[in-house]
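None of the figures in this text is laboratory data; all of them are computed from the coordinates on show. None of these values were measured; they are calculated from a predicted model. Cβ coordinates were reconstructed from backbone atoms using ideal geometry, including for glycine residues, and neighbour counts include every protein chain displayed.
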Amino acid sequence: MTTTQASISLCSILFAYLAPHNALAFATSAIHKIPILQEKSPGTEIELPNLQLLFDRVSVASPLARLVMEGDSSTAGNCVGFDAIDEAQQNPEFKWRNVEANKRKTVHRIDKADRFQNLKTPLLRFRSSIKGPCIGERFSHMIVDLEERKKWDDQVAYVNEMYPIQDLGTINSILGNHSKYGTCTRLGVGYTQTKQGILSPREQLTLSGMQQYPNGATILWGTEMEEHHNHLLPEGRSRYTRAKSHLFAATLAPTGPDSFDVEYLLQMDVGGGIPNFLTTPALMDAVKKLFEHAKMYFEGGDGSELDLYLRSQQEEVECSKIEVLSGGSTEDDYSLDAEIYLSEEHSNHHAMNDIKSLLFTP
């Protein structure tokens, strides 16, 4: 494959039902090229958007993300959550309208803002409080792993991480200010396709990433590739309608040793000229299904899928210690691994090395 420049827009990924696109990232500046190191795409480069601008947009729309980025997230156990949000500090440029509010429901609040980024598509904001350990990688696993996603999403057909980016050190250097932006622990360009349903099949090609903080918080984010980058789509597959997601982010913040809050943003246009008043209820319904699945998963208990996963992670740590003691690795190597593992508050650093789709797109 010849050298490819994947100029990514500053919007985000979306939902299984669609595929996003927007050129806002390049309205300013965004010129960092990251090589893709894999045999099937030698010489390919991915051009990143203005990541600082992307996160600033997220912090404007998500008070929980703003708390994580601007608060003290440097210490494990330093918890933030919805109770710490000052609702009076809403951005005056746009107004939120409450759509649903019921503390007894898994998704206990849904708000909608019109004209965000001067677009006709409304921005939806979902809030949920979940019992269980705050592990961002496990939340993303429900969306990026095909078999796990099928448990709550009957429309997903195919996911594939096509271009994993290994040079995370460069990404973190570009971002800088780790207290605000955290540490990027996973990044890649992936493809998603949905089934025929009420809508015809959709496809999307997205750059997606995961930012993690020492206090256990995680921000999942993504941007959609422009349509003129369709040459990066998988070869030998039929082409489908590309929908447009203008903003996506999911912020997970611990509220205690065994609980966390999630704020989920989604601004998307399904495409095909379908009115927003018809698509918005369907999107809300799909996000609710994701959270119902997450609630059952994280509450877990002895012998649950989460419990077995955590046990396997603990076994990996113990095996690493044994390897150090037996001379398989140097003490410095282990100290570095332990530092990464502990600083991410059991964020399952090793598990994130599995080659899976990186599409945070319910």
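The table below lists the values:
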item: Cα lying deepest toward the dipole's positive end in region 177-265, options Thr185, Ser245, His228, charges on Cβ; result: His228
item: Segments 257-268, 177-188 sorted - mean Cβ within 10 Å per residue, highest first; result: 257-268, 177-188
item: Highest average packing first - 157-163, 197-203, 233-239, Cβ atoms within 10 Å; result: 157-163, 197-203, 233-239
item: Size of charge dipole - region 230-296 - debye, nearest 20, with Cβ of Lys, Arg +1 and Asp, Glu -1, no other charges; result: 360
item: Integer Hz, Karplus 6.51/-1.76/1.60 couplings in order for region 225-237, x for Gly and Pro; result: 5, 6, 5, 6, 9, 4, 5, 7, 5, x, 6, x, 10
item: Cα centroid of region 203-221 to Cα centroid of region 254-300, whole Å; result: 16
item: Flagged links, alpha-carbon separation over 27 Å, of Lys95/Lys131; Lys244/Lys289; Lys131/Lys195; Lys180/Lys321; result: Lys95/Lys131; Lys131/Lys195; Lys180/Lys321
item: Under Karplus coefficients 6.51, -1.76 and 1.60, residue-wise ³J(HN,Hα) of region 46-53 in Hz, glycine/proline x; result: 10, 8, 7, x, 6, 5, 4, 5
